[in-house]
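Enquirer: One structure, as structure tokens, below. Some questions next.
The values are calculated or read from the model by the stated rules, or taken from the named source; none is laboratory data. Nothing here was measured: the structure is a model prediction, and the numbers come from that model. With ligands, DNA and RNA removed, areas are computed over all heavy atoms of the protein, side chains included. Shrake-Rupley method; radii C 1.70, N 1.55, O 1.52, S 1.80 Å.
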Amino acid sequence: MRVVTDAGEARRFRRALAGAVGLVPTMGALHDGHLSLVRRAGEENDAVAASIFVNPSQFGPGEDLAAYPRDLSGDLARLEAAGVDLVYVPEAASVYPPGFQTWVVPGPLAEPLEGARRPGHFRGVLTVVAKLFHVIEPDRAYFGQKDAQQAILVRRMTADLDVSVGIVVCPIVRDRDGLALSSRNVYLTPDERSAAPVLFRSLRAVAAAWGAGERRGKRMREIARAVLATEPLAAVDYVSAADPETLAEIETATGRLLLSMAVRFGTTRLLENVLLPENATL
Ligand code: AMP
């Protein structure tokens, strides 16, 4: 496994790889969710590249950039064991050198949900993803459904900017009690960790309502909020029932529905979602 920090070197090693290359972009602190993306990339490509970069431009002032968990040696051991061929670990100063001033600015799909709470977040995400695509030139790139709006925006960017990278969105990997794996879960206190599976229970209630024929967006949001309200440590930031194509809030679903939420446990903000009908048997 090659580990490189320099973009030129990353490009050189990538060009020496034969066949199709799958890229898994990450911010490190890797867990089984990330590794599921790596495995899928391995199944669908001849070689796998991963990147580890805690991208400063997608963190707002007052967010957890400095405190974001970092474990480079553990990450590299996991990627090596998973059979990754190339790991690109750039420095912030080389991704954003003095004079850097050109950004990928998303459109209205970045306005609601995470975009509304984290101004500039998706501009940072799309810019770094575009840069990673240009350095690695993957045939396919792997993203998690966990960050649903991010996956939607990355797809939109590749279509809008004629980027010839196939975008593959992989299912959410969860702990045994249903909590979605996240690098940020390490911030949870033991009490908060015990409380956090309420998110999964709320998604299950929504999926069950869908199964029973409920299609009203307002009712879906109420069902999720009612379950979340049973847990005193859960402070809801938002609950959304949106059209997964437009991210507009749904009155009555005629096609698919993305129920997504951000909920704080103490200082830790967790994201969850369920896509219906795909995940109806959650
Ligand atoms: P991050 O390191 O948090 O930026 O995540 C890197 C990639 O892994 C993103 O595409 C995430 O959506 C994906 N990811 C994070 N957590 C999970 C999970 N529990 N299941 C599946 N994919 C995930």
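Enquirer: Mind pulling the per residue volume of the convex hull built on the Cα atoms of region 221-270? Å³ is fine.
Expert: Per-residue hull volume (Cα only) is 71 Å³.
Enquirer: Please give the direction-averaged projected area of the C-alpha convex hull for the chain, in square nanometres with one decimal.
Expert: Numbers: hull surface 58.7 nm².
Mean projected area for the chain: 14.7 nm², to one decimal.
Enquirer: Can you work out the accessible area per residue across the chain, with the rest of the protein chains kept in place, probe 1.4 Å, in square angstrom?
Expert: 46
Enquirer: I want the antiparallel fraction of DSSP beta bridges within the chain, as a percent rounded to 5.
Expert: 50
Enquirer: Still on this model: Could you tell me how far the Cα centroid of region 220-247 sits from the Cα centroid of region 93-164, in Å?
Expert: About 26 Å separates the Cα centre of region 93-164 from the one of region 220-247.
Enquirer: How large, in percent, is the carbon and sulfur part of the accessible surface of region 1-124 at a probe radius of 1.4 Å? Write down the numbers at each step before the final one.
Expert: On the way: 3140 of 6060 Å².
Answer for region 1-124 is 52 percent, counting heavy atoms of protein chains only.
Enquirer: Ignoring ligands, DNA and RNA, what percent of the accessible area of region 155-238 is carbon or sulfur (1.4 Å)?
Expert: 51
Enquirer: Over all pairs of distinct alpha carbons, what does the Kirkwood formula give as the hydrodynamic radius of region 59-128, in Å?
Expert: Taking every pair of different Cα atoms in region 59-128, averaging 1/r and inverting gives 14.8 Å.
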